[in-house]
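The values are calculated or read from the model by the stated rules, or taken from the named source; none is laboratory data. Since the model is a prediction, treat every value here as computed from it, not as a measurement. Here the Cβ positions follow ideal geometry from the backbone for every residue, glycine too, while neighbour counts run over all protein chains shown. Ligands, DNA and RNA are stripped out before the accessible areas are found, and what is left, the full protein with its side chains, is counted by its heavy atoms. Shrake-Rupley method; radii C 1.70, N 1.55, O 1.52, S 1.80 Å.
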Amino acid sequence: MKLLGMLRMYQTMLDSRQHHDLTHDEFINTLIQSEWEDRENKKINRHLRLAKFRYGASVEEINFTASRGLDKTQVLRLAEGSFIQNKENILITGATGVGKSYLASALGHQACQLGYRTLYFNAQKLFTKLKMLKADGSYTREIGKIEKYDLLILDDFGLQPLDNTARMILLEIIEDRHGRKATIISSQLPVAKWYEVIGDSTVADAILDRMVHAAHRLELKGESLRKK
(Lines give C-alpha, C1' and ligand atoms only; values in the text may rest on other atoms or scores of the structure.)
Protein backbone atom coordinates (compact mmCIF):
# COMPACT_ATOMS: atom_id res chain seq x y z
CA MET A 1 0.00 0.00 0.00
CA LYS A 2 3.10 2.22 0.05
CA LEU A 3 2.39 3.65 3.50
CA LEU A 4 5.99 4.82 3.78
CA GLY A 5 5.31 7.75 6.11
CA MET A 6 3.45 5.45 8.46
CA LEU A 7 6.23 2.86 8.27
CA ARG A 8 8.95 5.38 9.11
CA MET A 9 7.03 6.68 12.11
CA TYR A 10 6.30 3.12 13.28
CA GLN A 11 9.98 2.25 13.16
CA THR A 12 10.91 5.49 14.93
CA MET A 13 8.41 4.82 17.72
CA LEU A 14 9.64 1.26 18.15
CA ASP A 15 13.27 2.36 18.30
CA SER A 16 12.51 5.10 20.84
CA ARG A 17 9.95 2.95 22.67
CA GLN A 18 7.48 5.89 22.55
CA HIS A 19 4.58 3.54 21.82
CA HIS A 20 4.57 2.39 25.46
CA ASP A 21 3.40 5.86 26.52
CA LEU A 22 0.48 6.03 24.08
CA THR A 23 -3.01 4.61 24.09
CA HIS A 24 -4.06 2.52 21.10
CA ASP A 25 -6.02 5.47 19.70
CA GLU A 26 -3.07 7.84 20.10
CA PHE A 27 -0.73 5.31 18.50
CA ILE A 28 -2.96 4.89 15.42
CA ASN A 29 -3.58 8.65 15.18
CA THR A 30 0.17 9.34 15.22
CA LEU A 31 0.77 6.86 12.40
CA ILE A 32 -2.06 8.30 10.30
CA GLN A 33 -0.86 11.88 10.87
CA SER A 34 2.66 10.92 9.83
CA GLU A 35 1.39 9.28 6.65
CA TRP A 36 -0.72 12.35 5.77
CA GLU A 37 2.23 14.73 6.31
CA ASP A 38 4.49 12.52 4.22
CA ARG A 39 2.06 12.52 1.30
CA GLU A 40 1.50 16.29 1.55
CA ASN A 41 5.25 16.94 1.48
CA LYS A 42 5.66 14.69 -1.54
CA LYS A 43 2.83 16.51 -3.33
CA ILE A 44 4.39 19.91 -2.61
CA ASN A 45 7.81 18.75 -3.81
CA ARG A 46 6.21 17.37 -6.97
CA HIS A 47 4.46 20.69 -7.63
CA LEU A 48 7.73 22.59 -7.12
CA ARG A 49 9.59 20.26 -9.47
CA LEU A 50 6.98 20.49 -12.22
CA ALA A 51 6.71 24.29 -11.91
CA LYS A 52 10.32 24.67 -13.15
CA PHE A 53 10.98 27.92 -11.33
CA ARG A 54 14.00 29.90 -12.42
CA TYR A 55 14.51 31.22 -8.89
CA GLY A 56 14.22 29.79 -5.44
CA ALA A 57 12.06 32.38 -3.68
CA SER A 58 9.84 32.75 -0.65
CA VAL A 59 7.28 35.25 0.54
CA GLU A 60 9.08 35.45 3.89
CA GLU A 61 12.18 36.90 2.19
CA ILE A 62 10.45 39.60 0.12
CA ASN A 63 11.92 43.04 0.78
CA PHE A 64 9.12 45.39 1.80
CA THR A 65 11.29 48.50 2.10
CA ALA A 66 9.07 51.57 1.63
CA SER A 67 11.08 52.78 -1.38
CA ARG A 68 10.03 49.70 -3.36
CA GLY A 69 6.37 50.74 -3.33
CA LEU A 70 5.11 47.32 -2.26
CA ASP A 71 2.01 47.11 -0.09
CA LYS A 72 2.88 44.37 2.40
CA THR A 73 -0.75 43.75 3.33
CA GLN A 74 -1.70 43.30 -0.33
CA VAL A 75 1.18 40.90 -1.04
CA LEU A 76 0.51 38.78 2.05
CA ARG A 77 -3.17 38.53 1.15
CA LEU A 78 -2.24 37.40 -2.35
CA ALA A 79 0.11 34.84 -0.80
CA GLU A 80 -2.90 33.26 0.90
CA GLY A 81 -3.93 32.03 -2.56
CA SER A 82 -7.42 33.54 -2.83
CA PHE A 83 -6.56 35.04 -6.24
CA ILE A 84 -5.98 31.52 -7.55
CA GLN A 85 -9.21 30.26 -6.06
CA ASN A 86 -11.03 33.23 -7.63
CA LYS A 87 -9.28 32.78 -11.02
CA GLU A 88 -7.78 36.30 -10.89
CA ASN A 89 -4.63 37.72 -12.47
CA ILE A 90 -1.64 39.60 -11.08
CA LEU A 91 0.36 42.10 -13.15
CA ILE A 92 3.82 42.97 -11.81
CA THR A 93 5.69 45.87 -13.42
CA GLY A 94 8.85 47.84 -12.70
CA ALA A 95 12.32 48.63 -13.98
CA THR A 96 15.10 46.09 -14.47
CA GLY A 97 16.42 44.54 -11.29
CA VAL A 98 13.74 45.72 -8.86
CA GLY A 99 12.65 42.16 -8.05
CA LYS A 100 9.68 41.43 -10.30
CA SER A 101 10.77 37.89 -11.10
CA TYR A 102 11.54 37.17 -7.45
CA LEU A 103 8.11 38.40 -6.36
CA ALA A 104 6.34 36.37 -9.06
CA SER A 105 8.36 33.28 -8.12
CA ALA A 106 7.72 33.76 -4.40
CA LEU A 107 3.96 33.84 -5.04
CA GLY A 108 4.39 30.77 -7.26
CA HIS A 109 6.30 28.87 -4.57
CA GLN A 110 3.60 29.77 -2.08
CA ALA A 111 0.95 28.49 -4.49
CA CYS A 112 2.75 25.13 -4.62
CA GLN A 113 2.85 25.02 -0.83
CA LEU A 114 -0.91 25.54 -0.84
CA GLY A 115 -1.36 22.61 -3.22
CA TYR A 116 -1.94 24.51 -6.48
CA ARG A 117 -0.38 23.23 -9.70
CA THR A 118 1.89 26.00 -10.96
CA LEU A 119 3.91 26.54 -14.14
CA TYR A 120 6.66 29.12 -14.65
CA PHE A 121 7.93 30.36 -18.02
CA ASN A 122 10.09 33.13 -19.37
CA ALA A 123 7.56 34.61 -21.80
CA GLN A 124 9.88 34.82 -24.80
CA LYS A 125 11.16 31.27 -24.31
CA LEU A 126 7.58 30.01 -24.08
CA PHE A 127 6.63 31.66 -27.38
CA THR A 128 9.75 30.21 -29.04
CA LYS A 129 8.99 26.74 -27.68
CA LEU A 130 5.36 26.84 -28.83
CA LYS A 131 6.34 28.04 -32.31
CA MET A 132 8.59 24.98 -32.63
CA LEU A 133 5.79 22.71 -31.42
CA LYS A 134 3.52 24.08 -34.15
CA ALA A 135 5.99 22.64 -36.65
CA ASP A 136 6.00 19.10 -35.22
CA GLY A 137 2.27 18.90 -34.49
CA SER A 138 2.41 18.80 -30.70
CA TYR A 139 1.31 22.42 -30.15
CA THR A 140 -2.31 21.62 -29.28
CA ARG A 141 -1.29 19.08 -26.64
CA GLU A 142 1.11 21.54 -24.99
CA ILE A 143 -1.45 24.37 -24.99
CA GLY A 144 -3.96 22.00 -23.43
CA LYS A 145 -1.48 21.12 -20.71
CA ILE A 146 -0.78 24.78 -19.91
CA GLU A 147 -4.50 25.47 -19.65
CA LYS A 148 -4.92 22.90 -16.86
CA TYR A 149 -2.46 24.49 -14.43
CA ASP A 150 -4.02 26.43 -11.58
CA LEU A 151 -1.41 29.19 -11.88
CA LEU A 152 0.66 30.22 -14.90
CA ILE A 153 3.56 32.66 -14.46
CA LEU A 154 4.80 34.51 -17.57
CA ASP A 155 8.00 36.28 -16.59
CA ASP A 156 9.81 39.09 -18.44
CA PHE A 157 6.94 39.77 -20.82
CA GLY A 158 7.51 42.48 -23.44
CA LEU A 159 11.29 42.36 -23.84
CA GLN A 160 10.69 42.47 -27.59
CA PRO A 161 7.64 43.07 -29.79
CA LEU A 162 5.50 40.05 -30.63
CA ASP A 163 5.28 38.79 -34.18
CA ASN A 164 1.96 37.54 -35.51
CA THR A 165 2.52 33.94 -34.39
CA ALA A 166 3.52 34.90 -30.82
CA ARG A 167 0.62 37.36 -30.70
CA MET A 168 -1.92 34.65 -31.54
CA ILE A 169 -0.28 32.19 -29.14
CA LEU A 170 -0.63 34.69 -26.31
CA LEU A 171 -4.26 35.35 -27.22
CA GLU A 172 -5.03 31.63 -27.16
CA ILE A 173 -3.35 31.16 -23.77
CA ILE A 174 -5.14 34.12 -22.21
CA GLU A 175 -8.48 33.17 -23.78
CA ASP A 176 -8.17 29.60 -22.49
CA ARG A 177 -7.40 30.76 -18.96
CA HIS A 178 -9.74 33.74 -18.71
CA GLY A 179 -12.21 33.20 -15.88
CA ARG A 180 -10.95 29.62 -15.43
CA LYS A 181 -7.42 29.85 -14.05
CA ALA A 182 -5.06 32.44 -12.52
CA THR A 183 -2.12 34.04 -14.32
CA ILE A 184 0.81 36.21 -13.18
CA ILE A 185 2.63 38.37 -15.74
CA SER A 186 5.76 40.38 -14.94
CA SER A 187 7.17 43.05 -17.24
CA GLN A 188 9.65 45.91 -17.33
CA LEU A 189 7.07 47.92 -19.23
CA PRO A 190 4.05 49.65 -17.70
CA VAL A 191 0.78 48.04 -18.74
CA ALA A 192 -0.04 51.04 -20.97
CA LYS A 193 2.95 50.09 -23.17
CA TRP A 194 1.78 46.52 -23.69
CA TYR A 195 -0.38 47.59 -26.64
CA GLU A 196 2.79 48.51 -28.54
CA VAL A 197 4.50 45.22 -27.66
CA ILE A 198 1.54 43.11 -28.76
CA GLY A 199 1.41 45.08 -31.99
CA ASP A 200 -2.05 44.52 -33.42
CA SER A 201 -4.61 46.82 -31.79
CA THR A 202 -7.53 44.42 -32.21
CA VAL A 203 -5.65 41.48 -30.72
CA ALA A 204 -4.14 43.71 -28.03
CA ASP A 205 -7.60 44.88 -27.01
CA ALA A 206 -8.80 41.28 -26.78
CA ILE A 207 -5.80 40.20 -24.69
CA LEU A 208 -5.65 43.17 -22.35
CA ASP A 209 -9.41 43.27 -21.81
CA ARG A 210 -9.14 39.75 -20.41
CA MET A 211 -5.86 40.29 -18.55
CA VAL A 212 -6.20 43.74 -17.01
CA HIS A 213 -9.85 43.82 -15.97
CA ALA A 214 -10.01 43.36 -12.18
CA ALA A 215 -6.34 42.27 -12.09
CA HIS A 216 -4.21 42.88 -9.02
CA ARG A 217 -1.52 45.44 -9.92
CA LEU A 218 1.90 45.52 -8.27
CA GLU A 219 4.24 48.28 -9.47
CA LEU A 220 7.74 47.99 -8.03
CA LYS A 221 9.91 51.08 -7.68
CA GLY A 222 13.40 52.02 -6.51
CA GLU A 223 16.92 51.18 -7.66
CA SER A 224 18.02 47.83 -8.98
CA LEU A 225 18.57 45.33 -6.19
CA ARG A 226 21.39 43.83 -8.23
CA LYS A 227 23.52 46.87 -7.48
CA LYS A 228 23.33 45.93 -3.82
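Solvent-accessible surface (1.4 Å probe) assigned to K131 amounts to roughly 70 Å². Go through K43/K129; K72/K221; K52/K145; K87/K193 and tell me which ones have a Cα-Cα distance over 22 Å in this structure. Table pairs above 22 Å Cα-Cα are K43/K129; K87/K193. Once the Cβ-Cβ distance of D71 and Q33 is raised to the sixth power relative to R0 = 45 Å, the FRET efficiency obtained is 0.75. For a modelled paramagnetic label at L48, 7 Å from Cα along Cα-to-Cβ, the residues of the stretch 101-145 in reach, with backbone nitrogen under 12 Å, are 109-114. Sites listed here are GluC sites (Glu not before Pro) in the stretch 35-104 whose DSSP assignment is loop and whose Cβ has at most 14 other Cβ atoms within 10 Å: E80.
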